[in-house]
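One structure below.
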Amino acid sequence: MELRVILSQIENENEEEIERLLHEYNTENCRTFSFEQKEEDSRIRLCRALLEVLVRAAQPRCQSTCLETLRILSRDKRVLGPVSTRDGILTLARLARIGPDDPRTDTDKDDKQTEEEQQQEVVVVEALKCLCNVVFNSTQAQQVGADVQLAQGLCAQLQAAGGGAAPHEVSLFSLRLLFLLSALRTDVRGLLRKEPRAMALLTDVLVRALDVRWAGRYEAAPPPPADRQGPPPIPAQENERTMEALKVLFNITLSDSSDQDAEHQLRLLVAIMRHLLLLRTLTEEKTEEVHSHAVNLLSNIPMPCLDVLIDVPVQPGQEQCGGKNMAAIQVLLDFMEKRVDRGSNYKEGLTPVLSLLAESSRHHREIRKYIKAKVLPPLKDVKNRPEVGSTIRNKLVRLMTHVDMGVKQSAAEFLFVLCKESVDNLVKYTGYGSAAGLLLSRGLLGGGRGETQYSEDEDSDTEEYKEAKP
C-alpha cells in the first residue's frame, strides 16, 4: 500500500475510503518493526494527517483503525515529531479517556455491552497502546506527558474505574503506561510517591486481581484449596494486571518515604506479596515471573515492614521457626535455588533475591535462623571442598568466585549474614579462598566480625568438624 494514496484520501475526508485503505495498510504492516528511511517524510505526514482525522468527529471504527495505524507508525522513533507535541499527546489522552472527567462506561452497569460501547472500548485500548509506544520511544513525549500530568490522569482513571474493575485491556495498558511514565521520569516517580491515592489505588488493583480476603490487619486469608496442588491458579488476565501493577509499585517505592500512612500502605503490600508468593499461575514459567516481580518490590520496602511476611498464624503443613510462619520464606528460598540452578542471567535473575534474603536475615532473627538451617546446616561433610557438591551451600560457595563482581558479592554477603558476620564461621562453611574477596573488602582478613549486632546463640561444631579441625 503506497502512502501517497492514503494521504490523498485523507485530504478528501472520505471516512469509509480512509478506513478501507488504512485497514489494508495495517494488515500488511502489523508485524513490521523496522521501516525504510526513504519513506520517512511520508510517514511523518501520515502521522500528522491521522491526528487531524482523530481530532475531527470520526466514527469509532474509523478512529480505532487510525489509531492502529498510528501505533504501527509509532514503532519508528524518527517519525514521532507530530505525535510527541502537546496537542498530539492530549488528543491521544482524550481518546484513551485519561483524566478525572472521562466518560468511562459505568462499571456497575450490566456486563452486556452494546456494539457502540465495544467499539469505544477498542478506541480506548488502541489510544493507550499508542501512548505506550510514543512515550517509550520519544523523550519529548515523556516531557509532555509529565507537563500535562498524564500519570495523575491515569490515577484518576483507575479511581473512576474502581481500582482495576474496568475491562481487562483498558486496565492493563493504563497500568503499562503508568509504568513507563514512572520508569522514564524521576519527577513523575516522586510525584506518584507523594500522591496519597496512587499507592492505595495500585494496592486495590492487586487486591482485586488476586482476590485477597483480609483475615487480619496485615493478614490475607489463604484461598480454599482447589486440588491436591493447593489453591486455584491465578487466571492469565489477572496475572497480567498483577505484574503490571507490581512494576509500577516497584518504581514508586524507589523513592523514600517516612510518612506513617505510607508505612501502613507498605505493610499492606508486604501482606499481599506474602499471599502472592503462596499462589501459582497457569504455568511454572509465569509463576516464576510474577514471583520475580514480588521479590523486586519487597527489596524496595523498608526491612522492619517485612515482619509481616512471618507474623501470621502457622497453618498445618507450613514451615515455622520460633513460632513464626516461614511458608513465604521457603518459597523465596526455592525461588533462589531455581535461579542458581539456571546457570545464567545471575545479575538480573539472582542478585535481587539474594539481597532480599540477606537483608531480611540481617533484620529478622527468626528468618536468619530458619534460612541458616536450610542453607548452612551443621557441617558434616568435611572431606570435600566447600564448592564441591550439589547442596545449596556448595552452589553458593561456587558463586563466591564468579566472574561478575555483583554476583560474587551478593552470594558472599548472603552467606556472611547467615554466619552472623563472623569471619571464623564464614571460613568454616566456605573455605578461606572463597571468603577472601569479601573479607578483604571489609578489612577482615585478620579475623573478627562485621558491624551488625546479632544474638549470642552460637551454633556448635559437629563431631565431624571437630575431628577435621586442625
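The values are calculated or read from the model by the stated rules, or taken from the named source; none is laboratory data. Note that the coordinates shown come from a computational prediction; the quantities given were computed from them, not determined experimentally. Reconstructed Cβ throughout: ideal geometry from the backbone, glycine too, with neighbour counts over all protein chains shown.
Out of the residues in region 109-137 meeting the condition of being part of a helix (DSSP H, G or I) and among the acidic types (Asp, Glu), tell me which one is modelled with the highest pLDDT. Across region 109-137, the extreme among qualifying residues is Glu126. Note on region 153-186: among residues that are among the hydrophobic types (A, V, I, L, M, F, W, C) and in a loop (DSSP other than H, G, I, E, B), the one that is modelled with the highest pLDDT is Ala166. Taken as a whole, the structure leaves Ser292 outside the set of residues that are on the phi < 0 side of the Ramachandran plot and either without any contact (Cβ under 8 Å) to a residue 24 or more places away in the chain or of a type in the set (D, E, K, R) (or both).
Going through (1) within 21 Å of the chain's Cα centre (by Cα); (2) modelled with pLDDT of 95 or more one by one, Ala200 falls short only on (2).
Against the test of being modelled with pLDDT of 90 or more, of a type in the set (D, E, K, R) and more than 26 Å from Ala327 (Cα to Cα), the options Arg208, Arg189 yield a single qualifying residue, Arg189. Only one of the numbered conditions (1) of a type outside the set (A, V, I, L, M, F, W, C); (2) under 26 Å from Lys324 (Cα atoms); (3) within 17 Å of the chain's Cα centre (by Cα) is violated by Pro302, and that is (3).
Only a single item in (1) touching a Lys or Arg at 6+ places or on another chain (Cβ under 8 Å); (2) over 19 Å from Leu128 (Cβ atoms) is not met by Pro222, and it is number (1).
Based on this model, can you work out whether Leu254 counts as of a type outside the set (Gly, Ala, Ser), farther than 21 Å from Asn325 by Cβ and surrounded by fewer than 20 Cβ atoms within 10 Å (Cβ to Cβ)? Yes. With the requirement that a residue be free of Cβ contacts under 8 Å to residues at least 40 places away in the same chain and closer than 21 Å to Ala327 by Cβ, what does region 357-414 give you? Matches in region 357-414: Pro377 only.
For region 320-358, the tally of residues that are outside any helix (DSSP H, G or I) and either on the phi < 0 side of the Ramachandran plot or in contact with a Phe, Trp or Tyr (Cβ under 7 Å, 6 or more places away or on another chain) (or both) stands at 7.
For the residues Arg208, Arg274, the requirement of being among the basic types (Lys, Arg), closer than 27 Å to Arg189 by Cβ and touching a Leu at 6+ places or on another chain (Cβ under 6 Å) singles out Arg274. Can you find a residue that is in a helix (DSSP H, G or I), among the basic types (Lys, Arg) and in the same structural domain as Glu121 (by TED's automatic domain parsing) anywhere in region 22-37? No, that holds for no residue. Region 359-470 holds helices (runs of 4 or more DSSP H) entirely within its bounds, and those carrying 1 or more residues that are buried (at least 21 other Cβ atoms within 10 Å of the Cβ) and modelled with pLDDT of 90 or more map to 365-375, 392-399, 405-418, 423-430, 432-442.
Can you tell me which of Ser344, Ser361 is polar (S, T, N, Q) and within 30 Å of Ala221 (Cα to Cα)?
None of the other options fit; the residue is Ser361.
Give region 203-222 a look and list any residue that's more than 16 Å from the chain's Cα centre (by Cα) and surrounded by 21 or more Cβ atoms within 10 Å (Cβ to Cβ), or say none. Listed by number, the list holds a single entry, Ala220. The condition of being under 29 Å from Lys338 (Cα atoms), acidic (Asp, Glu) and in contact (Cβ under 8 Å) with a residue 24 or more places away in the chain holds for only one of Glu244, Glu284, that being Glu244.
The residues of region 44-87 that are aliphatic (A, V, I, L, M) and not in a helix (DSSP H, G or I), listed by number, are Ala57, Ala58, Leu80, Val83. Of all residues in region 253-269, exactly one satisfies the criterion of being within 22 Å of Ser174 (Cα to Cα) and at pLDDT 95 or above, namely Leu269.
Which pairs do you get when a residue that is farther than 15 Å from Asn12 by Cβ, found in region 41-52, comes within reach of a residue that is among the small types (Gly, Ala, Ser) and not in a helix (DSSP H, G or I), reach meaning Cβ atoms under 9 angstrom, with the pair 6+ apart or on two chains? That search, which allows pairs on different chains as well, returns Ile44/Gly81; Cys47/Ser74; Cys47/Gly81; Arg48/Gly81. Of the residues that make up region 228-235, is at least one over 20 Å from Gln159 (Cα atoms), among the small types (Gly, Ala, Ser) and out of contact with any Asp or Glu (no Cβ under 7 Å at 6 or more places or on another chain)? The answer is yes; a qualifying residue exists.
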